[in-house]
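A.B. asks: The structure's right below; bear with me while I get my questions together.
The values are calculated or read from the model by the stated rules, or taken from the named source; none is laboratory data. Note that the structure is a prediction, hence the values are computed from the model and not measured. All Cβ positions, glycine included, derive from the backbone under ideal geometry; neighbour counts span all protein chains shown. Heavy atoms of the whole protein, side chains included, go into the accessibility calculation; ligands, DNA and RNA do not. Shrake-Rupley method; radii C 1.70, N 1.55, O 1.52, S 1.80 Å.
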Amino acid sequence: MPMTIIIGAQWGDEGKGHITDRLAQDAAIVARYSGGDNAGHTVTIGREVFKLHLIPSGIIHPGVVCLVGNGAVVNPAVMLREMDALAARGVSVAPARLKLSDGAHLITPAHIAMDKAHEKQRGGAAIGTTLRGIGPVYTDKARRIGLRAALLADEEALAEAVQAHVAAKNEVLVKVYGEEPLDAHAVAAEYVGYARRLAPHLVDGPLLLDEALQQGQMVLAEGAQGTLLDIDHGTYPFVTSSSPTAGGAITGLGVGPRLVDRVIGVAKAFTSRVGGGPFPTELSDDAAVRLRGTGENPWDEYGTTTGRPRRVGWLDLPMLRHARRVNSLSEWVLTKLDILSGLPEIPVCVGYELDGRRVDSFPTDLPTLARCRPLYERLPGWAEDIMGARRPDELPDNARRYVDFVAKESGAPVGYVSVGPGREQFIVME
Ligand code: IMP
């Protein structure tokens, strides 16, 4: 069985953890391929809510092996904290179940300090990063001075490399940004401690995946962030520093495109965004609260990683067309359809007015995007609560119409719809 890739189609927070958990029941391996603990994936099982940042969402299934792939970036302190929290709730995170690719790059406190210093320096033009050191660690990777996870297997080499790394970053932190230096010896000692616990989890990621794929097992590549946060295909510079799109899964896991058969795009039935940058369908005031929620429920639109209220707006079809194109999506998962229940009518952005003419595609060039005015089609709403629906024929006609409209206008079928945070609140569409 080949590899299935799960992609966020918007600006992250589409509910990828939910669908990954759902599809993981048929998978042998679930693998994260990009990003680090800037992600926040929520899996709800009955009354239990699991919030994961780094460990793949498949970990909740006892029979699934989870891999943090070479394209991901790993803060070892966060990984261990997450492992301990899972173990305390009875979820096994033994090396047989949880594996770390030796080509993944390590995040250090120096990367986090650099992230904070960069954002401070940008002032009003700050990207609004999650301050998890993501930009600086990928910068080091591209400069070929990064610390790869393989170092965790050699304590002496690790201590030496971490010390040199922190000393080099201190130069910049102090001389360029006027910040306090970090204690290089202390950080190195801390990392040696992490190495003792994490070294047994190290693997050659591509080899592990190839063995599974050769045996006909299913591999699920779990995307983090979203298409519009991709460094190439997103709203640059308000993006993350990696490739959350389908191409990122190929390089971030070391599996070639011939072995991919499904690319599933996860899109929320409306749009949300954390951090800065243009957002054509953004709403304010009461309409925004209606979509965002008040923060009382874990599935309300507040950042899993940062707790920040998310910016929210209506569904943007030019954006979904862009995501379908750059990922070659085979199908959609439309999440949080239940949040739209009770609206008399639902505006959906079907195109933009740009400099006096109509465009149907999503420009990723920021000045162009900032000039785009959304053109809305207003679809009829439905009054019924749909959280109990489990089959397509249990959805009200207008909810079906909304789903069909998304499929027709975006150019890909809708395979699944989610109508609540629970594992069972899922509808497989015909
Ligand atoms: P960074 O990834 O921390 O460098 O942040 C860069 C941008 O990506 C910021 O706008 C963040 O808010 C956004 N971002 C990063 N990870 C996520 C995520 O998992 N969900 C939503 N936004 C994210």
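A.B. asks: Pick out, from Val187, Leu173, Gly124, the residue whose Cα sits farthest towards the positive end of the charge dipole of region 105-201, with +1 on the Cβ of Lys and Arg and -1 on the Cβ of Asp and Glu.
C.D. replies: Positive-most Cα among the choices belongs to Gly124.
A.B. asks: Right, another one. At Val359 and Ala168, where each label point lies 7 Å from the Cα along Cα→Cβ, what is the point-to-point distance in nanometres?
C.D. replies: The two pseudo-label positions are separated by 4.0 nm.
A.B. asks: Calculate the spin-label point distance for Arg196 paired with Thr368, positioning each point 7 Å from the Cα along the beta-carbon direction, and give it in nanometres.
C.D. replies: Result for the modelled spin labels: 5.6 nm.
A.B. asks: Please list the three semi-axes, largest first and in whole Å, of the ellipsoid equivalent to region 105-201, using sqrt of 5 times the eigenvalues of its alpha carbon gyration tensor.
C.D. replies: Whole-Å semi-axes of the equivalent ellipsoid: 25, 14, 11.
A.B. asks: Per 0.36 nm of contour for each residue apart, how much would the distance between Glu430 and Asp286 grow if the chain were fully extended, relative to their Cα-Cα spacing?
C.D. replies: 48.3 nm
A.B. asks: Moving on. Rolling a 1.4 angstrom probe over the protein chains, ignoring ligands and nucleic acids, what is the accessible area of Val49 in square angstrom, nearest 10?
C.D. replies: Its accessible surface works out to 40 Å², give or take rounding.
A.B. asks: Considering only Lys99, Lys16, Lys141, give the residue with the highest GNM mean-square fluctuation for the chain, with springs between Cα atoms whenever their separation is below 10 Å.
C.D. replies: Maximum among the listed residues: Lys141.
A.B. asks: Right, here's the next one. Projecting each Cα onto the charge dipole of the chain (Lys/Arg +1, Asp/Glu -1 at the beta carbon, about the Cα centre), which of Gly351, Gly135, Gly35 comes out farthest on the positive side?
C.D. replies: Gly351
A.B. asks: Still on this structure, I have one more. Would you pull out the residues with amide H under 5 Å of Leu67's amide H, same chain only if 5 or more places away, H placed 1.01 Å from N?
C.D. replies: Val30, Ala31, Arg32, Lys99
A.B. asks: So what is the 222 nm mean residue ellipticity for the chain from helices alone, if each DSSP H run of at least 4 adds -39500 (n - 2.57) and you divide by all residues, rounding to the nearest 500 deg cm²/dmol? Present the calculation step by step, with values, prior to reporting the outcome.
C.D. replies: Working: 12 runs with 137 residues, N = 430.
The helix-only estimate for the chain comes to -10000 deg cm²/dmol at 222 nm.
A.B. asks: Karplus couplings for region 122-134 from phi (6.51 cos²θ - 1.76 cosθ + 1.60, θ = phi - 60°), rounded to Hz, Gly and Pro as x?
C.D. replies: Using θ = phi - 60°, the values come out as 6, x, x, 9, 4, 6, x, 5, 7, 6, 9, x, 5 Hz.
A.B. asks: Amide H neighbours of Val263 under 5 Å, at least 5 residues apart or on other chains, H built in the peptide plane: list them.
C.D. replies: Under 5 Å from the amide H of Val263 lie the amide H atoms of Ile5, Ser330, Glu331, each far enough along the sequence or on another chain.
A.B. asks: Within 10 Å, count the other beta carbons around each residue, average over each peptide in 386-396, 266-276, and list them highest first.
C.D. replies: 266-276, 386-396
A.B. asks: Further question on the same structure: Mind giving me the nanometre distance, one decimal, between the label points for Val78 and Ile45, set 7 Å out from Cα along Cα→Cβ?
C.D. replies: Reported label-point gap for Val78 and Ile45 is 2.3 nm.
A.B. asks: Follow-up question, since we're still on this one. Over the heavy atoms of Asp397, what accessible area does a 1.4 Å probe trace out, to the nearest 10 Å²?
C.D. replies: Surface open to solvent at Asp397 totals about 110 Å².
A.B. asks: Please compute the length gained on full extension between Ala189 and Ala407, using 0.36 nm multiplied by the number of residues separating them and subtracting their Cα-Cα distance.
C.D. replies: Contour length minus Cα-Cα distance gives 73.1 nm.
A.B. asks: Additional query: Could you order the peptides 145-154, 110-119, 279-288, 187-196 from most to least packed, using the average number of other C-beta atoms within 10 Å per residue?
C.D. replies: Top to bottom by mean Cβ count within 10 Å: 110-119, 145-154, 187-196, 279-288.
A.B. asks: Next up: Among Val91, Val43, Val162, which one shows the highest mean-square fluctuation when the chain is modelled as a Gaussian network with alpha-carbon springs under 10 Å?
C.D. replies: Val91
A.B. asks: Further question on the same structure: Starting from the Kirkwood radius over alpha-carbon pairs of the chain, derive D by Stokes-Einstein at 10 °C in a medium of 1.306 mPa s and give it in µm² s⁻¹.
C.D. replies: After rounding, the answer is 72 µm²/s.
A.B. asks: Between Met387 and Leu131, 0.36 nm times their residue separation minus their Cα-Cα distance comes to what?
C.D. replies: 88.6 nm
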